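Working notes, beginning with the structure itself.
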Amino acid sequence: MDKLIIDNKEYSSRLILGTGKYKNFEETKSALEASGCEMVTVAIRRMNIGQDQNEKNLLDYVSPDVYTILPNTAGCYTAEEAVRTCELAEELLNGEKLVKLEVLSKSETLYPNTIETIKAAEMLVKDNFKVMVYTTDDPIVAKELENIGCECVMPLGSAIGSGIGIINEYNIREIIENASIPIIVDAGVGTASDACIAMELGCDGVLMNTAIACAKDPILMAEAMKHSVIAGRQALKAGRIKKKRLGSPSSPNSGLVTSD
Amino acid sequence: MNILLNNKPETIFDGSTVKKLLKHKNIQNKYFAVEINQKIIPKSDHGTHLIKDGDKIEIITAIGGG
């Protein structure tokens, strides 16, 4: 049927969720379940050693047996840092090669550093990593990342955590039309309609975190996002009508009961 | 001997292996990776890899992120 395929694996859900910013692991787990997602991103960080010995780990709640775990390189500002993080993630996840590459430029905007991103993508692909790469909405850079051999390209809708939505629909559409690998909008989604627009534009999926984790009711928002991604995909497949400047009646003009 | 563990100074017994260090630190979490002086030490080597004085050891795990 209409499945998303990444690294030779089929996904029924086209929604990918981040696991940051939730109140606790229970809330994370509930939101993921409500969203119906099958792939989740995680960050790679130093372990908190010597504190509570019974302290639970995120992966005790978000099991790699249930979800595809997509380790990210968030917080990396150079290609070398990003590659090192991916290698650590591979060891942590017992040889899994699927990663989300992101190399940032500066902490204020969190805008991708495309030069370092391309460098890192080349190094990772050479080392057989399956790279899902976060980048700008520049169609040239997106195509370059595809040519390098990335598994999918993930242009931003707008800045990470901004909630502004997709600021350049034309670029996203251009990226999609020129791609032969999945295109997933990553970052910028604020509410359900943003995700729906991404899917109506023809994106293969949407990745989000803050819009759900920081909503007043994250579980309800997760469910809303699930529906919006499905609705957007269905609308794309159904084919929208052309926009017209003037009105066109939905009811027939003939057989009208008039005074004549 | 003295090591740097996750950027904090530590003193451990001479002749410690990675496995002994993990046990000493009571790391029971099954999702982690170990790096010494920026070189990953595979899990299969934890029992034999000897820690040296001055080693910079990183133990990392997965946390919430987007």
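Tell me, what are the semi-axes, in whole angstrom and largest first, of the equivalent ellipsoid of chain B as set by the roots of 5 times the Cα gyration tensor eigenvalues? All intermediate terms of the calculation are to be shown ahead of the outcome.
Working: eigenvalues 75, 36, 26 Å².
They are 19, 13, 11 Å, listed from largest to smallest.
Across the stretch A:113-127, rounded Karplus estimates of 3J(HN,Hα) from the backbone phi angles (6.51 cos²θ - 1.76 cosθ + 1.60, θ = phi - 60°) give 8, 5, 5, 5, 5, 4, 4, 5, 4, 4, 5, 6, 4, 4, 8 Hz, Gly and Pro being marked x. Taking a 26 Å limit on the Cα-Cα distance, which of the listed pairs A:Lys56/A:Lys100; A:Lys29/A:Lys97; A:Lys3/A:Lys29; B:Lys8/B:Lys39; A:Lys106/A:Lys216 fall beyond it? As for pairs spanning more than 26 Å Cα to Cα, those are A:Lys106/A:Lys216. Ranking A:Leu246, A:Ile197, A:Ala224 by Cα position along the charge dipole of the stretch A:180-260, where only Lys, Arg, Asp and Glu carry charges on their C-beta atoms, puts A:Leu246 farthest toward the positive end. For chain A, the longest principal axis of the alpha carbon atoms and the long axis of helix A:192-201 meet at an angle near 80°.
Distance between the C-alpha centres of the stretch B:1-47 and the stretch A:200-225: 39 Å, rounded to the whole angstrom. Cβ-to-Cβ counts within 10 Å put A:Tyr134, A:Tyr111 in ascending order as A:Tyr111, A:Tyr134, the fewest first. So how far, in whole Å, is the C-alpha centre of the stretch A:110-152 from the one of the stretch A:19-69? When both Cα centres are located, 26 Å separates them.
Arranged by the count of other C-beta atoms within 10 angstrom, fewest first, what order do A:Ser105, A:Ser158 take? Working shown, then result.
Details: A:Ser105 16, A:Ser158 19.
Fewest-to-most Cβ neighbours within 10 Å comes out as A:Ser105, A:Ser158.
In this structure, the amide hydrogen of A:Tyr111, modeled 1.01 Å from its nitrogen in the peptide plane, lies closer than 5 angstrom to those of A:Ser105, A:Lys106, counting only residues at least 5 positions away or on a different chain. Calculated on the alpha-carbon coordinates, the convex hull of the stretch A:1-144 measures out at 143 cubic angstrom per residue. Summing Lys and Arg as +1 and Asp and Glu as -1 over all other residues whose Cβ lies under 15 Å from the Cβ of A:Gly239 gives a net charge of +3.
Is there a quick way to get the dipole size of chain A? I mean about its Cα centre, with the Cβ of Lys and Arg at +1 and of Asp and Glu at -1; what is the value in debye to the nearest 20?
With Lys and Arg at +1 and Asp and Glu at -1, about 800 debye.
Per-residue ellipticity at 222 nm from helix content only, as computed over chain A with -39500 (n - 2.57) for each DSSP H run of at least four residues, stands at -11000 deg cm²/dmol.
Other protein chain C-beta atoms within 10 Å of residue C-beta, averaged over A:14-25: 2.
Need one number: the % of Cα-Cα pairs in chain A sitting beyond the 31 Å mark. For chain A, the fraction of Cα-Cα distances above 31 Å is 26 percent. Put in order of Cβ neighbour count within 10 Å, fewest first, the listed residues A:Asp60, A:Asp204, A:Asp186 become A:Asp60, A:Asp204, A:Asp186. Roughly what angle does helix A:218-238 make with the longest principal axis of chain A, taking Cα atoms, 0 to 90 degrees, to the nearest 10? Tilt relative to chain A: about 60 degrees.
Readers should treat all values here as calculations from the given coordinates under stated rules, not as data from a laboratory. What you see is a predicted model, and the numbers here were worked out from it, not measured in a lab. A quick note on method: Cβ atoms are made from the backbone with ideal geometry, for glycine too, and the neighbour counts reach across all protein chains shown.
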